[in-house]
1. Starting from the 7 Å offset along Cα-to-Cβ, what nm value, one decimal, do you get for the label separation of Glu50 and Arg195?
2. Normalising by the residue count of the stretch 1-115, find the relative contact order in percent from Cα pairs under 8 Å and 6+ residues apart.
3. Remind me, relative contact order of the chain in percent, using alpha carbon pairs under 8 angstrom and six or more residues apart?
4. Using the structure shown, select from Lys40/Lys231; Lys2/Lys175; Lys96/Lys250; Lys40/Lys250; Lys59/Lys253 the pairs with a Cα to Cα distance greater than 19 angstrom.
5. Please report how far the C-alpha centroid of the stretch 1-75 lies from that of the stretch 104-183, rounded to the nearest whole angstrom.
6. Nearest 20 debye, what's the magnitude of the dipole of the chain about its Cα centre given +1 on Lys and Arg Cβ and -1 on Asp and Glu Cβ?
7. Would you please give the residues with an amide H less than 5 Å from that of Thr27, counting only those at least 5 places away or on a separate chain, with H modeled from the backbone geometry?
8. Between Ala221 and Arg239, what is the label-to-label distance in nm when each label sits 7 Å out along the Cα-to-Cβ direction?
Amino acid sequence: MKVTLQGNLEGSQYAAKEKAIAVIIDTLRASTTMPTAMSKGITELFVAKEVDDTRLSAKENNTLLMGERGCIMLDGFNFGNSPTELMKQTGFENTKVSFTSSTGSRRTVDAIGSDILIIGSPINAKAVAKLLVELTEEDEKKSVVLIPCFTEGSIINHELTEDQLGGLVIAMELKNLGVELPADLLEEVLHFEERLSKQTLKELYLETKHGQKLIDLQFEADVEFCSQISKINFVPISRNDIVTLGNGSKVVKFKQV
Ligand code: MLT
């Protein structure tokens with residue numbers, strides 16, 4: 001596979017243009033919440049950009065509602081975007097959910113056109129890496145784009161975002177499986193591994209703006225939960241399964257591997 005790490009809107013657009021396998025990484029918290037939801041028995045996730053589209057998707061696809069704005073659960077929704085709150089709840093096995101979040105769901109919809117879309121985070125990093133190896137077995141030149149939803153700079157220069165850290169965890173798991181990474185990404189992964197030998201992932205998250213925001217909003221348990229590496233084997237996947245709503249908006253339908 002040909003691995004590229006490209007963040008922000010450009011990453012989603014690049015994956016779509018390349019017809020790549022797009023890995024959407026919104027570490028705190030959307031791309032941790034989605035695999036967690038699947039581990040709790042939710043079978044399908046319809047990811048929408050806008051709140052109104054999420055409500056319409058729930059009506060048309062007969063789903064529950066999950067998501068946030070400003071990190072807070074939306075009015076009338078069944079769940080917010082807190083993986084630890086989800087872990088405490090029961091009774092939604094075999095249900096479907098329409099989901100929206102401030103950034104993660106945007107980058108997901110922006111990546112429509114990619115061959116396959118995958119939701120990845122540290123929490124399911126090894127499962128994501130294994131799946132990428134499987135999916136590219138027959139085409140060693142297949143393009144895989146790791147898309148940290150919000151990216152600022154390089155870990156080497158200590159310019160961290162939580163999503164870049166998530167991207168580096170997935171790249172590290174790819175490296176551990178023997179996947180060849182481009183030289184600049186490999187250099188970042190090696191720096192990251194060195195940092196990880198001195199600091200926990202949670203401590204690294206706390207150096208980020210979004211990590212601090214979640215602490216201020218009393219979501220420290222989520223920051224802790226999201227810092228677990230390769231604890232969940234569920235990987236939401238969409239083989240470019242796009243649903244067009246009655247108003248013309250598109251949502252991406254994910255199932256579990
Ligand atoms: C996002 O998609 O922007 C985040 O997941 C927001 C959050 O932490 O709720």
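1. Spacing of the two 7 Å Cα→Cβ label points: 3.7 nm.
2. Relative contact order here is 40 percent.
3. Details: 554 pairs, mean separation 82.2, N = 257.
Relative contact order for the chain comes out at 32 percent.
4. Correct reply: Lys40/Lys250.
5. Taking the Cα centre of each part, the stretch 1-75 and the stretch 104-183 sit 15 Å apart.
6. On the way: 28 positive and 37 negative charges, 135 e Å.
Around 640 debye, computed over the chain.
7. The answer is Cys149, Asp163.
8. 3.8 nm
Only the coordinates and a few stated rules stand behind these numbers; no lab work does. No experiment lies behind these values; they were computed from the predicted model shown. A quick note on method: Cβ atoms are made from the backbone with ideal geometry, for glycine too, and the neighbour counts reach across all protein chains shown.
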